[in-house]
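Structure record follows, encoded as structure tokens.
None of the figures in this text is laboratory data; all of them are computed from the coordinates on show. Keep in mind that this is a model prediction, so the values were computed, not measured. For neighbour counting, all protein chains shown are included, and Cβ atoms are generated from backbone atoms with ideal geometry for every residue, glycine included.
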Amino acid sequence: MFPLSDKREDTYIAGLSMGGYGALRNGIVYSETFSHIAGLSSAVHLFDKDAQHIGGENTIFGDIDKAVLTNVNPKVAFDELIAEKCKMPKFYMSCGTEDDLITAGKDLRDYLISKGADVTWDEEKGGHDWDFWGSQIKKVLEWLPLDNDINGLGSGNVKIGDD
């Protein structure tokens, strides 16, 4: 119905907070589909053994202590991607300096970089809120390769009307 590209280089995934975790994890696990991943204020702290948890992780992931060792953990997923010699996506990660998730985000950033990932990191004053995310999504759109005419049809190059 929609003339969207099925090419990896035209396919991106992004999210914020728990969706940021989901974008990072699924973008890594399905790296044959996604070439660019953006995670804003990503809830990756769930897999830090020393982190204070929000509660309910066992409902989401089963036994969180066991889940940490599987590819629901973005670090494990990335290690599997490297071991399988899959195509590596590019990452955009950000977090507000007043957000409690910034330490876990920086830890994942440093881990990915240490393993050879192409990571763009941005932090600015802000918390875990829409003011921060609104500012960041503009930066994500600038970071994505949307101006390239060889990309498939997407929000960055859709023309409406006679323009």
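Spin-label pair Asp129-Asp48: with each label point 7 Å from Cα along the Cα-Cβ axis, the two points sit 2.2 nm from one another. The Rg/Rh ratio for segment 8-143 is 0.95, where Rg is the radius of gyration of the alpha carbons and Rh is the Kirkwood radius.
Once both labels are positioned 7 Å from their Cα atoms along Cα-to-Cβ, the gap between Asp100 and Leu4 label points is 3.4 nm.
May I ask for the Rg/Rh ratio of segment 77-129, computed from Cα atoms with Rh as the Kirkwood radius, given to two decimals?
Numbers: Rg = 12.6 Å, Rh = 11.9 Å.
Result: Rg/Rh = 1.05.
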